[in-house]
Amino acid sequence: MLGETPDSRELDPRERAERALPFLTQAARQEDPEAWYALGFCFMRLGRQPEAVRMMRRAAKAASLPPTPAWECSAPGPDPVPPWPFSSARPSSWGSAARRVGRVLEGEYGQTPDLAGARAAYAQGAELGSQGCMFRLAKLLATDRGGPPDPERGRALLEQALVREREAEDRDPTFVKAIEDLLETYPELPPQ
């Protein structure tokens, strides 16, 4: 947990973020993309969304990931480079990072949404095998939020996420149920 120490377990997430802020700020001065990402996450917890998005985008700019044109999104701020916080040394973290970035771009933390950018983040994470990204992208693909609807692709992503989550060692029954529920109500595909 962000900023959690043995003596801070009784603190709420905001208080932990306030406690962590000076340390993360100091770490971010070391030109480290992971520190920038952590500081961005801390800013989100503190309700400082513009700073959070700016830090996450700065991390993305410095991260070593193959360029993806879809990441060129129009979120607010002076540095329009989409957030991608981890270097190639930690590929298992990338799907999770993409999900977090997508949530930021969806406007989940109060900033102006960039749904096209969120779709791009979730698509990148889905390609990396993140069931969470598959689920969130499928929700956007069911509508015209962030781009044209694509229920066929959305349904395929949900089915893939469901299979992967059921087979996962750390399977989350609540998430399995959420996927199943969304599949039940997902837009029907036209007959072929």
task = Give, in nm to one decimal, the length gained when the segment between residue 181 and residue 152 is fully stretched (0.36 nm per residue of separation minus the Cα-Cα distance).
result = 8.8 nm
query = Using mean Cβ contacts within 10 Å as the protection proxy, how do 39-46, 120-127 order, highest first?
reply = 120-127, 39-46
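A short reminder: the numbers here are calculations on the coordinates, not readings from a lab. Since the structure is predicted, the reported quantities are computational estimates derived from the model, not experimental observations. Ideal geometry is used to build each Cβ from the backbone, glycine not excepted, and the neighbour counts take in all protein chains shown.
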